[in-house]
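Just so it is clear, none of the values below were taken in a lab; they were calculated from the coordinates. No experiment lies behind these values; they were computed from the predicted model shown. As a convention, Cβ positions derive from the backbone with ideal geometry for all residues, glycine included, and neighbour counts pool all protein chains shown.
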Amino acid sequence: MQKYVLVCLLKKLDEGTEFTSTSWPLHVTIASNFVVDWGATNLLYKLTALLTNRKPIKTTAGDDEYFGDKKQIHVTILDKHDEMTALHNDIIGLLKSVGAIFDEPNYLEEGYKAHVTVQSDARVHKGDLIVIDNVTVVDMFARKDIRGRKILKSFHLIDS
């Protein structure tokens, strides 16, 4: 089974775009690393159904924190938002229902903190408006390379 992550890209990138584990574009993690049999679970169809009629979510960048067991991952926390929590929980519920196995389940649901990781060349700042307007599936081992990443599919959340 392949490993994936679901994120909101803060800058539009085309499906098929590849990057490395050290050159992530700015994003908000919605569902952290998981493995699942994508094809056998009909997950694309189920995600489409789950995300249909979802509207973009507006939130604000808050304070910086450091994640990781050695506090080595610099992030900016997003203000708590009921719609963001609901989006995360609904997606996690769907993934669990099809047998997804998560690398770090303690950071899901009650342990989830919406955040943007500070990148070497880009970051968000306290007070910045953040719009969650897509849910993007990223292959975490593109071309069977542990450092390879590839955008597989973006679901766009649209105001009606």
Express in whole angstrom the spacing between the alpha-carbon centres of the stretch 21-44 and the stretch 61-101.
13 Å
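Taking the Kirkwood radius as the inverse of the mean 1/r across Cα pairs, report the Rg/Rh of the chain.
Working: Rg = 14.9 Å, Rh = 16.0 Å.
Here Rg/Rh amounts to 0.93.
With r as the distance between the Cβ atoms of residue 104 and residue 79 and R0 = 25 Å, compute the FRET efficiency 1/(1 + (r/R0)^6) and round to 0.05. Display every interim value, and only then the final one.
Details: r = 23 Å, r/R0 = 0.90.
For R0 = 25 Å, the calculated efficiency reads 0.65.
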If I build a Gaussian network model for the chain, linking alpha-carbon pairs within less than 10 angstrom, which residue out of 136, 22, 117 has the largest mean-square fluctuation?
22
